[in-house]
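I have placed the structure first, in the form of structure tokens, so that the comments after it can refer back to it.
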């Protein structure tokens with residue numbers, strides 16, 4: 001995958017802050033891929049494309065989803081920006097020619113994760129949370145980073161549990177609830 005083409009897409013749409021974020025996520029994803037013996041280039045590509053839909057407004061994302069007849073979660077209906085993960089998958093596939101299901105799936109669920117998440121899904125989900133796109137350092141940062149080195153699955157469980165226990169989700173998307181139940185079940 002031509003990383004310059006991805007970078008140029010962010011830059012031509014004046015998404016410099018988003019580009020900085022996805023590049024940080026790509027570095028974190030590559031680091032975690034090396035630790036967990038996953039394909040580093042595949043992890044980088046998924047990370048660089050995970051927020052590519054930032055070139056659209058949340059309303060445009062919603063309109064695209066409706067036009068395509070996509071099922072829309074109640075959380076996405078209320079907060080259109082939550083569609084960005086699914087719209088990013090479409091852009092990765094249609095505009096960048098990505099056919100690798102590991103990459104597409106990881107892009108598609110990087111915000112919420114999903115049930116039966118694969119290793120690349122978990123990797124990009126956690127890399128995105130470690131490479132936080134807000135000011136400062138998230139309160140869970142050190143623990144999550146250490147946990148991610150040991151187990152992507154445990155890190156995902158920790159992060160989602162933290163979100164639920166601290167009531168940090170505006171409105172839980174069905175996928176994050178299903179992922180949480182799935183991860184709980186896998187621990188037992």
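Derivation of every value follows stated rules applied to the coordinates shown; laboratory data play no part. Model, not experiment: these values are computed from the prediction. Virtual Cβ from ideal backbone geometry, glycine too; neighbours counted across all protein chains shown.
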Next item on the list: Specify the residue with the greatest mean-square fluctuation among 65, 29, 46, computed from a Gaussian network of the chain linking alpha-carbon atoms under 10 Å apart.
Entry: 65
Note to self: Per DSSP helix of 4 or more residues, -39500 (n - 2.57); summed, then divided by the residues of the chain. What does that give at 222 nm, rounded to the nearest 500?
What the structure shows: -20000 deg cm²/dmol
Margin query: Using all alpha carbons of the chain, what is the percent of pairwise distances in each 10 Å bin, ordered from the shortest bin to the longest?
Written below: 10, 39, 39, 12, 0
Note to self: Over segment 3-187, what is the relative contact order in percent, taking alpha-carbon pairs closer than 8 angstrom and at least six residues apart?
What the structure shows: 21
Note to self: Within a 10 angstrom radius of the beta carbon, how do 120, 159 rank from fewest other beta carbons to most?
What the structure shows: 159, 120
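By count of other Cβ within 10 Å, fewest leading, how are 42, 167 ordered?
On the way: 42 20, 167 7.
With the sparsest Cβ surroundings first, the list reads 167, 42.
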Checklist line | Top of 22, 55, 124 by mean-square fluctuation, Gaussian network on the chain, Cα under 10 Å | finding: 55
Next item on the list: Please build a GNM for the chain, connecting alpha carbons under 10 Å apart, and tell me which residue among 34, 136, 118 fluctuates the most.
Entry: 136
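Fewest Cβ neighbours within 10 Å first, please rank 98, 72, 103 accordingly.
Details: 98 19, 72 16, 103 28.
Placing the least packed residue first, the sequence is 72, 98, 103.
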